[in-house]
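Here, each number is a calculation from the coordinates, and none is a lab measurement. The model shown is predicted, which means the values in this text are computed figures rather than measured ones. When we count neighbours, we look across all protein chains shown, and the Cβ atoms used for this are built from the backbone with ideal geometry, even at glycine.
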Amino acid sequence: MEIEIAPAREDDLEPIVALYNHYVQHSSATFEVAPVTVDERRGWFADHASGGRHRLLVARERGSAVVGWATTSPFRPRAAYATTVESSVYCHPGHVGRGVGSALYAALFRAIAEEDIERIVAGIALPNPASTALHGRFGFRPVGVFTRVGRKFGRYWDVAWYERPRHLGEDDGAPAHRAERAARAPATGPPRRGGPSPGPRAPIG
């Protein structure tokens, strides 16, 4: 499979929303409980489309169909949190395990490499071993678990939180450097075992 990673375009918004709504309805990857509309997401799209700390990248198969997307978003609204961003990645269910999530994360972290960011954080609704592995490959380290903080599908979910610095040092997440280098090439070949999670984060708010 050949994919192209690029900043999202206006005409990507509809497939981005459709992909997100799949996980709203079928997964704990997001704590939204009702599908969102394209109009409801236009402000969110505009907030991520102008560069800076908050980015929105998409993966397109052969330059056309959107098969995944990834973002960095504000962690909290108060000003002192501005240098912390929260990362998210969602893959089309038919493309999970094919390296799309890794390629998106590698491109996303390169895109924000020169921004005024100190920490990147991610929340993972448990259990999600594929997402945990993906974040581990990119240098995220666990910092704690909030128990029973989300209720969806008639049950409560725990959320594990992870963090990494914007730049990984020689002794800080060395495997992530290899993951980022490997993900720079277009994803090819058959699906791999233990591939990336379709959506590693459980958003708050």
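The figures follow:
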item: Loop-located GluC sites (Glu not before Pro) in segment 79-122 whose Cβ has at most 10 other Cβ within 10 Å (DSSP); result: 114
item: Protection proxy ranking, peptides 148-156, 98-106, average beta carbon neighbours within 10 Å, highest first; result: 98-106, 148-156
item: DSSP-loop GluC sites (Glu not before Pro) across segment 1-84, with at most 14 other Cβ within 10 angstrom; result: 2
item: In order through segment 107-114: 3J(HN,Hα) via Karplus (6.51 cos²θ - 1.76 cosθ + 1.60), integer Hz, x for Gly, Pro; result: 5, 5, 6, 5, 5, 9, 4, 9
item: Principal axis box of segment 1-53, alpha-carbon based, largest edge first, Å; result: 32, 29, 21
